[in-house]
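Please read the structure below before turning to the comments.
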Amino acid sequence: MVIFPNPSSGQLQIGVTNTIQNVELIDAHGRLCQKFDLQTGLNLFNFSDLVPGSYFIHTGTSVLNWVVE
């Protein structure tokens with residue numbers, strides 16, 4: 001799984017080789033911000049309503065850090 005850009009203004013692209021269900025976007029305080037599924041290939045999201053800060057993308061098998069400016 002690849003995420004970009006990082007840091008971002010809220011636009012997020014996630015590239016995956018397999019479908020991943022129940023992905024969670026968690027803020028720095030441990031609160032669930034969004035839950036979504038990823039399809040094989042490139043997935044585009046607009047999270048521009050998020051407060052600037054550090055977020056974590058949990059897939060069940062990995063955790064990636066993503067920064068919103």
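The values are calculated or read from the model by the stated rules, or taken from the named source; none is laboratory data. These figures come from a predicted structure and were not determined experimentally. We place every Cβ from the backbone using ideal geometry, glycine too, and count neighbours over all the protein chains shown. SASA here: full protein model, heavy atoms, side chains in, ligands and nucleic acids out. Shrake-Rupley method; radii C 1.70, N 1.55, O 1.52, S 1.80 Å.
When both residues are 6+ apart or on different chains and their Cβ atoms are under 9 Å apart, which pairs have a first residue that lies in segment 47-65 and is of a type in the set (V, I, T), and a second that is open to solvent by 60 Å² or more (accessible area, probe 1.4 Å) and assigned to a loop (DSSP other than H, G, I, E, B)?
That search, which allows pairs on different chains as well, returns I57/M1; T59/M1.
Search segment 18-69 for residues being in a strand (DSSP E or B) and among the charged types (D, E, K, R), and hand back the single one that is surrounded by the fewest Cβ atoms within 10 Å (Cβ to Cβ). Please lay out each step first, then the result.
Of all residues in segment 18-69, those in a strand (DSSP E or B) come to 20-27, 32-38, 41-46, 53-58, 63-68.
Next, only the ones that are among the charged types (D, E, K, R) stay: 24, 27, 35, 37.
On the way: E24: 15, D27: 16, K35: 12, D37: 10.
So the residue we want is D37.
Residue by residue, here is whether (1) more than 10 Å from the chain's Cα centre (by Cα); (2) at positive phi holds:
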{"residue": "G30", "(1), (2)": "yes, yes"}
{"residue": "V51", "(1), (2)": "yes, no"}
{"residue": "T59", "(1), (2)": "no, no"}
{"residue": "N65", "(1), (2)": "no, no"}
{"residue": "V68", "(1), (2)": "yes, no"}
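Considering every residue within segment 1-17, establish whether at least one is surrounded by 11 or more Cβ atoms within 10 Å (Cβ to Cβ), assigned to a strand (DSSP E or B), at pLDDT 95 or above and in contact with a Cys (Cβ under 7 Å, 6 or more places away or on another chain).
Checking segment 1-17: not a single residue is surrounded by 11 or more Cβ atoms within 10 Å (Cβ to Cβ), assigned to a strand (DSSP E or B), at pLDDT 95 or above and in contact with a Cys (Cβ under 7 Å, 6 or more places away or on another chain).
Might you let me know whether segment 32-43 holds any residue that is of a type in the set (G, A, S) and at negative phi? Give the steps one after another, and end with the answer.
Quick first cut of segment 32-43, residues of a type in the set (G, A, S) only: 41.
From what is left, the residues that are at negative phi are none.
For segment 32-43, residues of a type in the set (G, A, S) and at negative phi: absent.
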